[in-house]
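See below for the structure under consideration.
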Number of protein chains: 4
Amino acid sequence: MGMIGGGAGAFIGVIHRMAAIMDGEIELVCGAFSSDPDKSKKSGRDLNVDPTRVYNSYQEMIVKEKELPDDVRMDFVSIVTPNHVHFEPAKLAMENGFHVVLDKPMTLDLTEAKELKEIVQKTRKYFCLTHTYTGYPLVKEARVQVAAGRLGNIRKILVTYPQGWLSSFLEGSQDKQASWRTDPSKSGIAGCMGDIGTHAFNLAEYITGLKVTQISADLHIIVEGRKLDDDGAVLLKFDNGATGVLVASQVMAGEENNLNIKIYGEQGGVKWSHREPNSLIFIAPDKPVETWRAGTKYLSEVARHNTRITAGHPEGYIEAFANHYRNFSLCVKAQLEGEQPKEQWLDFPGIEDGVRGMAFIESVIASSKSQDKWTEFTM
Amino acid sequence: MGMIGGGAGAFIGVIHRMAAIMDGEIELVCGAFSSDPDKSKKSGRDLNVDPTRVYNSYQEMIVKEKELPDDVRMDFVSIVTPNHVHFEPAKLAMENGFHVVLDKPMTLDLTEAKELKEIVQKTRKYFCLTHTYTGYPLVKEARVQVAAGRLGNIRKILVTYPQGWLSSFLEGSQDKQASWRTDPSKSGIAGCMGDIGTHAFNLAEYITGLKVTQISADLHIIVEGRKLDDDGAVLLKFDNGATGVLVASQVMAGEENNLNIKIYGEQGGVKWSHREPNSLIFIAPDKPVETWRAGTKYLSEVARHNTRITAGHPEGYIEAFANHYRNFSLCVKAQLEGEQPKEQWLDFPGIEDGVRGMAFIESVIASSKSQDKWTEFTM
Amino acid sequence: MGMIGGGAGAFIGVIHRMAAIMDGEIELVCGAFSSDPDKSKKSGRDLNVDPTRVYNSYQEMIVKEKELPDDVRMDFVSIVTPNHVHFEPAKLAMENGFHVVLDKPMTLDLTEAKELKEIVQKTRKYFCLTHTYTGYPLVKEARVQVAAGRLGNIRKILVTYPQGWLSSFLEGSQDKQASWRTDPSKSGIAGCMGDIGTHAFNLAEYITGLKVTQISADLHIIVEGRKLDDDGAVLLKFDNGATGVLVASQVMAGEENNLNIKIYGEQGGVKWSHREPNSLIFIAPDKPVETWRAGTKYLSEVARHNTRITAGHPEGYIEAFANHYRNFSLCVKAQLEGEQPKEQWLDFPGIEDGVRGMAFIESVIASSKSQDKWTEFTM
Amino acid sequence: MGMIGGGAGAFIGVIHRMAAIMDGEIELVCGAFSSDPDKSKKSGRDLNVDPTRVYNSYQEMIVKEKELPDDVRMDFVSIVTPNHVHFEPAKLAMENGFHVVLDKPMTLDLTEAKELKEIVQKTRKYFCLTHTYTGYPLVKEARVQVAAGRLGNIRKILVTYPQGWLSSFLEGSQDKQASWRTDPSKSGIAGCMGDIGTHAFNLAEYITGLKVTQISADLHIIVEGRKLDDDGAVLLKFDNGATGVLVASQVMAGEENNLNIKIYGEQGGVKWSHREPNSLIFIAPDKPVETWRAGTKYLSEVARHNTRITAGHPEGYIEAFANHYRNFSLCVKAQLEGEQPKEQWLDFPGIEDGVRGMAFIESVIASSKSQDKWTEFTM
């Protein structure tokens, strides 16, 4: 694995690395860790990467790595830069034969997203978009239960992503995360909805297998001086007739990161919360509430495949992230060995999630500006 | 106390009686328990009410009780009939000198509600509308904390009332509750939004002290054949610029009755849930989460006034209900004795809550039919 | 109902009254509310009791009430005095034909307890000892599940009753509760173990249907100057070979009243906690955790009989207490009407619980003083 | 890092490897993964270890690695074999200049433990015993709060480790874990108390800084045919006069792995549970309950040092494990570079924990056989 971005001070780069290497299947062999060559070098040293493979730019990295022998060069690249440096390196990497892991949201806008989709289809490279939360085994279990019809037809979906870290004008201080995430030139047209709203949206579509068709958005810039939305609520219509509510906010003062979802069908419901990710609640009329627990034998095969330890030993965010890396790398490895990947390895978020995520952002912004109640979800 | 409605098979009448009498201050002395005289008589016997004061109709009760000596006749009437039998008995009672406790929603429509308000103002009778949830001591504590500025300016309010008991076409069976609550002639123009949406709305306004000014509603009839909404989501704007989301549903299969609310301000948030009513969660940036507990000494005076037992002995729904009855009856008693009520006794939901509740219902229905995103909350 | 004790300043008397009257089946008609006649009179006035039936002493009350006509005199007496005034009034009441509700622990010592048992047997009066916690519907459900063999043979029982209110030398202040409960002349030979250890012990035997046969106790007086144990742990052996641990403490600073129990058998376990009394957790190997909820239709008949409201409307401590009163009064009423009580009405704690509770206290104190690991549980 | 044990089918070896490598500071460079050379080779291949450094025995590994150049050979060895293969490889490794990470319980008996202590002292090697649970940041926070006097003098400690996986005679099947853990020749004289009782004991001493001085144990073999204890309760006395209760069981059918501890002092208490490891509950009289959360800024420096992600992104068991590895390797690295380790790096369980753990096992077994209530905790 080579990494683009993720130098000192980055939040998500560290997570990517831990997630990638923890299973002992992936090694960080090269990187362009910063657009500043000195910083990149320093990060490379800190990360024990061979100095000859710490590059000054992602362009250099892709070109030089391509020239290395098969058994030496990186197999894929992990891109963990701010949003405005997603499309170009991903494009370049795939066009030069490398598989790609990319942080979300996928691109700066929907046009880029669609172009990237074409590149994926043309180059036939594996592409993983790190919507972390669908890596949790009990999120996968929820999807299995919905697919198996345990809830009956889905009627209602409530998904909420509450954060509080942008409750004040943090971008006014030196905070690196706050600065780029609230800067339209780096984040794109959406703030909160792009950063975490897309996670909530992706989670809802992933578990239910449904597609959003119409939305009604009410976005806000709560903190004075901010340039992008930091709070919002969105009413949703799905392709089976179900409806939903998505709430995402970064100004819910005191909240951490408790993404949570509740899905109701004719015969019952499931609930999952990031606060207690190793439990899945199942409810149904006139039955005791069931709590399905990670690491148990009664879970579906896909849930068990994405779990490392026996029940009662909590796994968390890094492991969920690692599940995407592991599944992705199992596919890459299979391809290298000329084998077919198992179906459950293909269960990581990909280019279609990315395109829909960008469409979600654009639809939400459009709806928020509209006086019409409903806006089409356009792809 | 005299009671109108609440005969055999009623759900809420029993609760009203337990709530009224448990503190030993109120006695059930008469009643018109059913529009069917025989049923009324039977209920009277079951409830150990003096047979001479079990009446065939509420009209008869009000007239006859009025003729009794001061120290014998009932001081107030509790009306626990379906919505279409709210206005007339309440009007008659007040116009004949009786204070009134009335179940919610207050009337069949906003016109009746406004007329009732005039009657209350004219007759100067005490009027209590039993929005149970504002009777919980920690709901009151939440209100105190908001009023004291502990959260700063309020920015966001999320309130959800999930029920599942109408997930199937229960009104097709013999279920008495399901039948009248889904019948427009008895419930009015709203189903779910009238029955429980009004509770959620009232709770939000009660705790924050804010008023809703605009709404955007998306209501549904999920169960085929049903005549009134059984599920809905409403976006809210409040008079201080805060926004909110209200979700109420009676078709969330497997849900019980877990009304819950989250309120966020500049400096922190509070959360309360009917599932664990004796706790109030307070969060703020960079501070441990606080759980305020019922029955403790550190609570506000108003919270302690509405608690009966020391910390750790859970109080529930009947006690919350009883708080409204106790405060109401303390006011009635003070008036009988020519004294001023204490301010904290006046803290029970009244005519203004009722009018706003009916306005909420009408606004929600109007918005749901409109293609405009926002509809004015009209009184 | 007549009441002995429970005047101004009493904690438990108020609870007894609310619990007794809330169902509308029991009326407080007379009382000797204090050993101080003036205080008794004042309490009577506050409680709206006919002044001619507010007595100067319990002796007077029992004698005078006995002389009243059948349809006027009290049917039973509720004794809510400190422990040293339990035996005599209970004895006198039963010997004069009155049924008795008595607060726990039953008497000052085991000798009194056994004598009281003889009186109950001789007079054939109904006798209820208010071990509140066995009045909760989900405690009853736990008992049903154990009896039905859902857990298999019981292997292990963990019961803990943590309180913190005596963490400091509260009896040094004017606190009435602290004073008598730490005074051997009023409480008997045990402090914490008598006050709350007996509740834990009773709960364990009630749910499992097992009997303790041997104990190993480690009691402490943690707070300097205190005269009775305020903290302790007891190892238990049961008559089927199961073992257990009972912990009770009144010096766990910050704790409220969270009595909790976990029972494990060959095939699964149940857990109940006073903190969330409307849930019963059932666990078993390789199955999702089940949470059984109060007010649901799938509960046993006995649990449903002891519930007042539908699922999701929490009931609490007063209702649990009220269940004992209701079952007791249903039995009394049946006897008055010459009928047989239903079996589920007989499900309230009685004389045998009281005798075993006193035996528990004496065994625990004996064991605590002994250097032998095990002490026989002697009756 | 070299590894001894941890070949195919091992439970804990996988965890050790993920924990060791996830931070990118430690690399698995060699191993003797099984006493069966073929299995060792196969494991080496699966783990991508250089085949020339996959050894047939730990003896061979230690000898051969020692001969490698400084910058090539392993710096430390991680021993993850069953208990009976702990002492010899640890001894050999340290005597040949390698630091050691060793799984718990440390040795087969106290004599070995003491001898190992002498070797550690003589060779001055770093020695880490993987009592996982003290690696959790909020366990460390609890220790900080106790040390800072936030609870006042400690009075009471309750620690419980409930498991259910040995509820039936699993060792009768092919289960590898069950087989060696219930076999005295491989586990030593204790079963449950050695396997998980030592964790509970270590956790109690770690957080409080107190030492157990006397115990009273009641151990059981619940499952017929089993050779070692599978369930037990132990009363504890600590060196400051505090008392405690330790319960550990592997036959609590349906339990997972919810180690939990409650510590009470004069002024408050702390509670931590493995079920929700990212929260620490702090309680005190007349104050709201506080929940301290992982990843927040208000935590102590030591807690923050042992956390990888910001608040609300749950970390779990592997990360707790990784904390021990990271602190240990930071010390090893400092020594290699001739520097002093920071104090917080030295915060991993070591030889003294190991000796006390073995003393705990022997004392518990001795007490369990004794008719005396109290047995000295002997070292």
- Task: Could you please give the count of residues in segment B:2-30 that are within 12 Å of another protein chain (Cβ to nearest Cβ) and of a type outside the set (Val, Ile, Thr)?
- Result: 15
- Hey, among the residues in segment D:187-213 that are outside any helix (DSSP H, G or I) and closer than 20 Å to D:VAL85 by Cα, which one's nearest to the other protein chains (Cβ to nearest Cβ)? D:GLY191
- Item | B:ASN83 at pLDDT below 95 and either on the phi > 0 side of the Ramachandran plot or not acidic (Asp, Glu) (or both) | yes
- Message: Please count how many residues of segment A:108-163 are closer than 30 Å to A:PRO285 by Cα and of a type in the set (Asp, Glu).
- Response: 1
- Could you tell me which of the residues C:ASP75, C:ASP38 is surrounded by fewer than 17 Cβ atoms within 10 Å (Cβ to Cβ) and not small (Gly, Ala, Ser)? C:ASP38
- Picked from segment D:142-186 (must be within 18 Å of the chain's Cα centre (by Cα) and under 30 Å from C:ALA233 (Cα atoms)), the residue farthest from the other protein chains (Cβ to nearest Cβ) is D:ARG143
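Okay, residues lined up against (1) buried (at least 21 other Cβ atoms within 10 Å of the Cβ); (2) aliphatic (A, V, I, L, M); (3) outside the structural domain of D:MET22 (by TED's automatic domain parsing); (4) over 15 Å from B:GLU290 (Cα atoms):
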position: D:ALA248; (1), (2), (3), (4): yes, yes, yes, yes
position: D:ALA253; (1), (2), (3), (4): yes, yes, yes, yes
position: D:ILE283; (1), (2), (3), (4): yes, yes, yes, no
position: D:LYS297; (1), (2), (3), (4): no, no, yes, yes
- Message: Being basic (Lys, Arg) and touching a residue at least 24 places away in the same chain (Cβ under 8 Å) is the requirement here; does A:LYS211 meet it?
- Response: yes
- Leading residue by the ranking (surrounded by the most Cβ atoms within 10 Å (Cβ to Cβ)) among those in segment C:346-379 that are within 12 Å of chain D (Cβ to nearest Cβ) and of a type in the set (Gly, Ala, Ser): C:SER367
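Let's see how each residue does on (1) in contact (Cβ under 8 Å) with a residue 60 or more places away in the chain; (2) more than 22 Å from C:GLY357 (Cα to Cα); (3) among the aromatic types (Phe, Trp, Tyr):
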{"site": "C:GLY7", "(1), (2), (3)": "no, yes, no"}
{"site": "C:MET22", "(1), (2), (3)": "yes, yes, no"}
{"site": "C:GLY31", "(1), (2), (3)": "no, yes, no"}
{"site": "C:SER43", "(1), (2), (3)": "no, yes, no"}
{"site": "C:LEU47", "(1), (2), (3)": "no, yes, no"}
{"site": "C:PRO51", "(1), (2), (3)": "no, yes, no"}
{"site": "C:PHE76", "(1), (2), (3)": "yes, yes, yes"}
- Considering only segment B:10-28, state which residues are over 21 Å from B:VAL72 (Cα atoms) and either part of a loop (DSSP other than H, G, I, E, B) or not assigned by TED's automatic domain parsing to the domain that holds B:ASN83 (or both). B:ALA10, B:PHE11
- Task: Name every residue in segment D:34-54 that is assigned to a loop (DSSP other than H, G, I, E, B), more than 12 Å from chain A (Cβ to nearest Cβ) and either among the basic types (Lys, Arg) or out of contact with any Phe, Trp or Tyr (no Cβ under 9 Å at 6 or more places or on another chain) (or both), in order of residue number.
- Result: D:SER34, D:ASP36, D:ASP50
- Task: Tell me, yes or no, whether segment D:115-132 has at least one residue that is over 16 Å from the mean Cα position of the chain (by Cα) and closer than 21 Å to D:GLY7 by Cβ.
- Result: no
- Message: Considering only segment A:350-363, I want to know if a residue exists there that is closer than 28 Å to D:ILE15 by Cα and not polar (S, T, N, Q).
- Response: no
- Message: Just the residues that are away from chain A (no Cβ under 11 Å) and part of a strand (DSSP E or B), please, taken from segment D:292-319.
- Response: D:TRP292
- Message: Cβ-Cβ distance below 8 Å, separation of 6 or more or different chains: which pairs start in segment C:144-158 with a residue that is under 13 Å from D:VAL223 (Cα atoms) and end on one that is among the acidic types (Asp, Glu)?
- Response: C:ASN153/C:GLU266; C:ARG155/C:GLU266; C:ARG155/D:ASP231; C:LYS156/D:ASP231
- Considering only residues that are touching a strand residue (DSSP E or B) at 6+ places or on another chain (Cβ under 6 Å) and in contact (Cβ under 8 Å) with a residue 60 or more places away in the chain, look in segment D:163-196 and name the one that is surrounded by the fewest Cβ atoms within 10 Å (Cβ to Cβ). D:ILE196
- Note on the structure: By residue number, the members of segment A:81-108 that are of a type in the set (D, E, K, R) and under 19 Å from the mean Cα position of the chain (by Cα) are A:GLU88, A:LYS91, A:ASP103, A:LYS104
- Given (1) closer than 27 Å to A:HIS274 by Cα; (2) outside the structural domain of A:GLY191 (by TED's automatic domain parsing); (3) polar (S, T, N, Q), A:GLN145 misses just (2)
- Among the residues of segment C:103-128 satisfying the criterion of being basic (Lys, Arg) and closer than 12 Å to C:PHE87 by Cα, which is surrounded by the most Cβ atoms within 10 Å (Cβ to Cβ)? C:LYS104
- Which one of these does B:MET74 not meet: (1) under 28 Å from B:GLU337 (Cα atoms); (2) touching a strand residue (DSSP E or B) at 6+ places or on another chain (Cβ under 6 Å); (3) not in a loop (DSSP other than H, G, I, E, B)? (3)
- Query: Quick one: which strands (runs of 3 or more DSSP E) sit completely within segment C:90-186 and have at least 3 residues that are out of contact with any helix residue (DSSP H, G or I) (no Cβ under 8 Å at 6 or more places or on another chain)?
  - Reply: C:154-162
- Condition check for A:ALA322: buried (at least 19 other Cβ atoms within 10 Å of the Cβ), within 12 Å of chain D (Cβ to nearest Cβ) and in a loop (DSSP other than H, G, I, E, B): no
- Item | Filter result (assigned to a loop (DSSP other than H, G, I, E, B) and within 22 Å of B:ASN278 (Cα to Cα)) within segment B:325-354 | B:ASP347, B:PHE348, B:PRO349
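The values are calculated or read from the model by the stated rules, or taken from the named source; none is laboratory data. Please read these numbers as outputs of a predicted model, since none were measured by experiment. For neighbour counting, all protein chains shown are included, and Cβ atoms are generated from backbone atoms with ideal geometry for every residue, glycine included.
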